[in-house]
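A quick write-up on the structure given underneath.
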Amino acid sequence: MEPVDALLPGGGRERPLTVSELNRDVRTLLETELPRLWVEGEISNLARPASGHVYFSLKDDGAQIRCAFFRQRQRGLAFRPENGQQVLVRGRVSLYEPRGDYQMIVEQMEEAGEGELRRRFDALKKKLAAEGLFDEALKRPVPRLPRRIGVVTSPTGAAVRDILHVLARRFPAVPVIVYPTAVQGDAAPAQIVAAIETAGRRAECDVLILARGGGSLEDLWSFNEEAVARAVRASPVPVVAGVGHEIDFTIADFAADLRAPTPSGAAELVVPDWREWSVRLDQAARRLATGLGRRLEDRGQTLDRLARRLTLASPARRLRQQQERLDSLSRRMTSARSALLIAAGHRLERLEARLLAASPAGRLKELRGRWTLADRTLRRAMPERLQILRTRLAGDARALNTVSPLATLERGYAIVTAEPGGTVLRDAAGVEPGTQIRARLARGALTAAVQSAEPPEEEE
């Protein structure tokens, strides 16, 4: 069907666009004129077909836009998109030509707000852990009773009041130094680092508490900065971290030598309870008194035993004992020497008898007799053996002569062969007249030519 020309203002006419052409032009315009951009909104109408692609609407209070998040673009996505989730998406604006739907092709998606902070938290934690910043081998022990305690926190916050209250209740004799710093906001990380470095440089405290009250992840973010974590680890003074509530974890917690669930918990960890120590000191005093009494009694008994041993170990008595022992050893030595000489004499006699029994003269006489006997036996057996072999040889010669063809030739027979070739002839048939033959006799041979060949006579 031919398109109908449109009448334009001014009398001009041109061919109108089809819907497909219009949508294609609009799509090209959107994709070429608008750069890739970030858009924040709430996910709604989310669908996950079997193809693996994700289709949803991104909306705010006043508008919405259709979005397509293709499967190949979802690699590395750290969360599962759901309806009602606030997200940041990056992509290009386009148009779905078949329906003329204006849409956004998503290339990257992130959680908005706290989700982004959580990803930054996880990335920094992984990086510092890979460097070994959190290794347990680097953790230093906290002194059981510090001479002075340092607190790095806000001087006006609830955390410092809780810490001072707990320290005063548990062990009021330990002095406390507060190193003031902001604990929230853009300037807080630098101030926290400076306070930790100041405490380390002054070296006036045995332990340092890094504290802040509870709050959201964003509120606590100053304690998730890399500079703060490195300052905690580089501090020459052991650091106890008490940031937020029990469920809150910050990067500073992992870098610290000891983590407490709350600021108050940190204060309880750095000092003992003086009441428990008082009870333990009383118990130790009683154990010391009891132990000293037992020790004195044991030493008195030891002194008595030593006095008795000294009496028994007088020099004159020791000399008499040593003289008696010397006499006994002398008698034993004389007896042992006599027994040794007697045993040596008996052994010498036995060796002499064995030597005589093993004399070479007797052995030579015995061997000479055996040689003489063997020689006579050999001389007697050789003629007998030769006669037996001669008799066997004669018998074998007679048997051989009996089966030898030469004996047959001696009786007038001959061996006839055809020449040349030497084929033995057994049948006259097949031998042509004129064939050269050779007859082997008992002595010598004859060569002749066949005059005629007669067939064998038939048996009647």
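The values are calculated or read from the model by the stated rules, or taken from the named source; none is laboratory data. Note that the structure is predicted; figures quoted are calculated from it, not measured. When we count neighbours, we look across all protein chains shown, and the Cβ atoms used for this are built from the backbone with ideal geometry, even at glycine.
Scanning the range 432-453 for residues that are part of a loop (DSSP other than H, G, I, E, B) and over 26 Å from E410 (Cβ atoms) gives E432, P433, G434, T435, Q451, S452, A453. Please list, ordered by first then second residue, the pairs with beta carbon atoms under 6 Å, 6 or more apart or interchain, first in the range 183-199 and touching a residue at least 40 places away in the same chain (Cβ under 8 Å), second of a type in the set (F, W, Y). Every condition considered, the pairs that remain are A195/Y179; A199/Y179. One residue is enough: does the range 35-42 have a residue meeting the conditions within 20 Å of E110 (Cα to Cα), in contact with a His (Cβ under 6 Å, 6 or more places away or on another chain) and among the hydrophobic types (A, V, I, L, M, F, W, C)? No; the residues of the range 35-42 include none that is within 20 Å of E110 (Cα to Cα), in contact with a His (Cβ under 6 Å, 6 or more places away or on another chain) and among the hydrophobic types (A, V, I, L, M, F, W, C).
The residue of the range 81-96 that is surrounded by the most Cβ atoms within 10 Å (Cβ to Cβ), among those that are in a loop (DSSP other than H, G, I, E, B) and modelled with pLDDT of 90 or more, is P81. Filter the range 148-166 for residues that are in a loop (DSSP other than H, G, I, E, B) and over 15 Å from V239 (Cα atoms); which is nearest to the chain's Cα centre (by Cα)? Ranking the candidates gives S154 first. Taking the range 218-334 and the helices (runs of 4 or more DSSP H) fully enclosed by it, no element has 1 or more residues that are at pLDDT 90 or above, assigned by TED's automatic domain parsing to the domain that holds E197 and over 28 Å from V151 (Cα atoms).
Pairing each residue of the range 389-406 that is outside any helix (DSSP H, G or I) with any residue that is modelled with pLDDT under 85, provided the two are 6+ apart or on different chains, yields no C-beta distance under 9 Å.
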